[in-house]
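The values are calculated or read from the model by the stated rules, or taken from the named source; none is laboratory data. All figures in this text were calculated on a predicted structure; none of them were measured in a lab. With ideal geometry, Cβ positions are generated from the backbone for all residues, glycine too; neighbour counts draw on all protein chains shown. In case anyone asks, the SASA skips ligands and DNA or RNA and just uses the protein heavy atoms, side chains included. Shrake-Rupley method; radii C 1.70, N 1.55, O 1.52, S 1.80 Å.
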Amino acid sequence: MAVLSQILVVNAGSSSLKLRVLGDADEVTGSADLPPEKDKAALEATIEGFGEVHAVGHRIVHGGDEFRGPVLIDPSVRQRLGALTDLAPLHQPKSLAALDAVTEVLPDVPAVACFDTAFHATIPAAAATFALPAEWRERWSLRRFGFHGLSHAYVSRRAADLLGVSSSDSDSGPGSGLRLVSCHLGAGASLAAVRDGRSVDTTMGFTPLDGLVMATRSGSVDPGLVLWLQTHAGIPADELGDALENRSGLAGLAGTGNLREILARATAGEAQAELAREVYLHRLAASVAAMTAALGGLDALAFTGGVGENSAEIRSRAAARLGFLGVYVDNDRNGTAPSDRDISPPGAPVRVLVISAREDIEIARQVRDVIPA
């Protein structure tokens, strides 16, 4: 048996603590979703039920400027991760609480931190730099970090597999020119422009608030509008932060962050839901075009995440707005259920893919890179 034949992947979200155990071939040999309030006894019993675990991989939202790849966790690393909490105050504490809880159950098992920001460390300075005073940027590391990197990294690899290309190909594939826009569409949403398997641009910025319209997050808004609300309307910073994170996006437009419900209401002719759908699609299509500009062209567009995988309507309507880029979908292929498929018509200049989100596979791969068998 290989040393790392059983890798426990820990993904702490807002609604659950996802635990997956992956074997040699990335098959799931154990799975559990626990409440975010991690009862120690329940966590211990769940992990013991998985059997022997040889390594642990933790999804950590923010690695800052320091962590640009996976790293073996020791007390010093743990301390430095805690110091990054100010960069992601709503997300980082959940990741670190899960790390501490699992470490307490498996104190002698090596653990690796895998970062959502690391995949975007390759973004060039022109895309990563905000036009702000230099003293601000240098003092507080103000830059576009990007998020969902574990998902985008997996999608870029899986897209190459589906397209039958590899780094040895002369005209496409990671390492040889494949230009991919990866669309991670879920409650949180972002795009990544990926060339040669490397991120060159993304829609999220210094925080996960930036970019696309999301379930409850605003996406990009004019910073002057936020300043106006603070100075003229007298809304304090903490209330603004809560509204932008939890009461905006689709929820602010249609009263719910559930896109499936919004699409059903829009089909029934409800004006509020129609507006929410159109705002969502407008920002999505415009951002795909922007990512294509960063790539200098487009070979493939990949949809992943809860919305990206499950909403044929969103894929179809987005493609209808992107025909000028060569993006088309085949209605029959688009409507079929299995993920990891090509839904573009034969001969289309841009291949459109649907790919299951598998951050667990990407985390396990990174664990193996850090702790080779």
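With the checklist (1) charged (D, E, K, R); (2) within 21 Å of Arg283 (Cβ to Cβ); (3) free of Cβ contacts under 8 Å to residues at least 60 places away in the same chain in hand, flag the one item Glu245 doesn't pass.
The one condition Glu245 does not meet is (3).
Taking region 120-130 on its own, how many of its residues are assigned to a loop (DSSP other than H, G, I, E, B), open to solvent by 40 Å² or more (accessible area, probe 1.4 Å) and touching a strand residue (DSSP E or B) at 6+ places or on another chain (Cβ under 9 Å)?
1
Do we find a residue being acidic (Asp, Glu) and open to solvent by less than 30 Å² (accessible area, probe 1.4 Å) anywhere in region 47-69?
Within region 47-69, the first condition is being acidic (Asp, Glu), and the residues that meet it are 48, 52, 65-66.
Add one more test, that the residue is open to solvent by less than 30 Å² (accessible area, probe 1.4 Å), and what stays is none.
No - not one qualifying residue is present in region 47-69.
List every residue pair whose Cβ atoms sit under 6 Å apart, with the two residues 6 or more apart in sequence or on different chains, where the first one lies in region 110-129 and is farther than 19 Å from His184 by Cβ and in contact (Cβ under 8 Å) with a residue 12 or more places away in the chain and the second, anywhere, is open to solvent by 20 Å² or more (accessible area, probe 1.4 Å) and assigned to a strand (DSSP E or B).
Val112/Leu72; Ala113/Val71
Just checking, which of Thr103, Thr117 is open to solvent by 30 Å² or more (accessible area, probe 1.4 Å) and hydroxyl-bearing (Ser, Thr, Tyr)?
After ruling out the rest, the residue left standing is Thr103.
Looking at Glu278, Glu274, Glu270, which one is within 17 Å of Ala215 (Cβ to Cβ) and of a type in the set (Asp, Glu)?
From the options Glu278, Glu274, Glu270, the qualifying one is Glu278.
For region 90-119, enumerate the residues that are of a type in the set (Gly, Ala, Ser), at pLDDT 95 or above and out of contact with any strand residue (DSSP E or B) (no Cβ under 6 Å at 6 or more places or on another chain).
Of everything in region 90-119, just one residue is of a type in the set (Gly, Ala, Ser), at pLDDT 95 or above and out of contact with any strand residue (DSSP E or B) (no Cβ under 6 Å at 6 or more places or on another chain), namely Ala118.
Tell me, which helices (runs of 4 or more DSSP H) wholly within region 242-306 include 3 or more residues that are within 27 Å of Arg158 (Cα to Cα), at pLDDT 95 or above and in contact with a helix residue (DSSP H, G or I) (Cβ under 6 Å, 6 or more places away or on another chain)?
Answer list for region 242-306: 271-295.
Testing Asp369 on (1) open to solvent by 30 Å² or more (accessible area, probe 1.4 Å); (2) among the acidic types (Asp, Glu); (3) within 20 Å of the chain's Cα centre (by Cα), one condition comes back false. Which one is that?
The single condition Asp369 does not satisfy is (3).
Every residue, every condition in (1) open to solvent by less than 50 Å² (accessible area, probe 1.4 Å); (2) out of contact with any strand residue (DSSP E or B) (no Cβ under 9 Å at 6 or more places or on another chain); (3) modelled with pLDDT of 95 or more; (4) assigned to a loop (DSSP other than H, G, I, E, B), yes or no:
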{"site": "Leu132", "(1), (2), (3), (4)": "no, yes, yes, yes"}
{"site": "Arg144", "(1), (2), (3), (4)": "yes, no, yes, yes"}
{"site": "Leu150", "(1), (2), (3), (4)": "yes, no, yes, no"}
{"site": "Tyr154", "(1), (2), (3), (4)": "yes, no, yes, no"}
{"site": "Val165", "(1), (2), (3), (4)": "yes, yes, no, yes"}
{"site": "Gly173", "(1), (2), (3), (4)": "yes, yes, no, yes"}
{"site": "Ser176", "(1), (2), (3), (4)": "yes, yes, no, yes"}
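Taking only region 201-229 into account, find how many residues are more than 15 Å from the chain's Cα centre (by Cα) and surrounded by 14 or more Cβ atoms within 10 Å (Cβ to Cβ). Even if it seems obvious, please write down each step before you answer.
We begin by selecting, within region 201-229, every residue more than 15 Å from the chain's Cα centre (by Cα); these are 216, 218, 220-229.
Retained after the next criterion (residues that are surrounded by 14 or more Cβ atoms within 10 Å (Cβ to Cβ)): 216, 218, 220, 226, 229.
Selection size over region 201-229: 5.
Suppose we filter region 307-334 for residues that are part of a helix (DSSP H, G or I) and open to solvent by 60 Å² or more (accessible area, probe 1.4 Å); how many remain? Lay out the reasoning, then the answer.
Step one: filter region 307-334 for residues part of a helix (DSSP H, G or I), giving 307-310, 312-321, 323-325, 331-334.
This time we only want the ones that are open to solvent by 60 Å² or more (accessible area, probe 1.4 Å), so: 310, 317, 320-321, 324, 331-333.
Qualifying residue count, region 307-334: 8.
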